[in-house]
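The block underneath contains the structure these notes are about, expressed in structure tokens.
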């Protein structure tokens, strides 16, 4: 991978609806934060997830791991750092680090997604245009 674009970072302000009665982010919402980071990573690379699906390739999550270090709360600004783990094959792997405004780690995570042909519902290799973008 020659491209220096191995990671991206986005900021999210925690909304009230993402929290429980104590104002703490409900654990299931972290999966949404990971998805937001992943979609922005792809977008900044030059890949539209919507166009990829229109071309017949989908990317379902096949594995996910989260490790919670501390809580995020209502109205906190969190940073989601998304990093490509290695060159995509029939799957693409990401590592994440979610931090608070002070840079303290809230959560670390990994996801593995498979490139699936929507007609056959079978795994396929990463589209060549994605590999080309990573090489430039």
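Result for the chain in a Gaussian network model with C-alpha springs under 10 Å: among 117, 75, 102, the largest mean-square fluctuation is at 102.
Tell me the relative contact order for the chain as a rounded percent, counting alpha carbon contacts under 8 Å between residues six or more apart. Walk me through the numbers before you get to the answer.
Details: 255 pairs, mean separation 40.8, N = 136.
Relative contact order comes out at 30 percent.
Counting only DSSP H runs of at least 4 residues, each contributing -39500 (n - 2.57), and dividing by the residue count of the chain, the helix-based mean residue ellipticity at 222 nm comes to -7000 deg cm²/dmol. You can think of it this way: the chain between residue 73 and residue 6 has 21.3 nm of extra reach, that is 0.36 nm per residue less the Cα-Cα gap. The Rg/Rh ratio of the stretch 7-135, with Rg taken over Cα atoms and Rh as the Kirkwood radius over Cα pairs, comes to 1.01. The stretch between residue 54 and residue 66 holds 1.3 nm of extra length on full extension. This uses 0.36 nm per residue minus the Cα-Cα distance. Put simply, the stretch 90-136 fits an ellipsoid with semi-axes of 30, 15, 7 Å; these come from the alpha carbon gyration tensor as the roots of five times its eigenvalues, largest first.
With a Förster radius of 25 Å applied to the beta-carbon distance between residue 85 and residue 24, the computed FRET efficiency rounds to 0.30.
Any read-out appearing in this document is the output of simple, stated calculations on the displayed coordinates, not a laboratory observation. Only a predicted model underlies this, so the values are computations on that prediction, with no experimental measurement involved. Neighbour counts run over all protein chains shown; Cβ positions are idealised from the backbone, glycine included.
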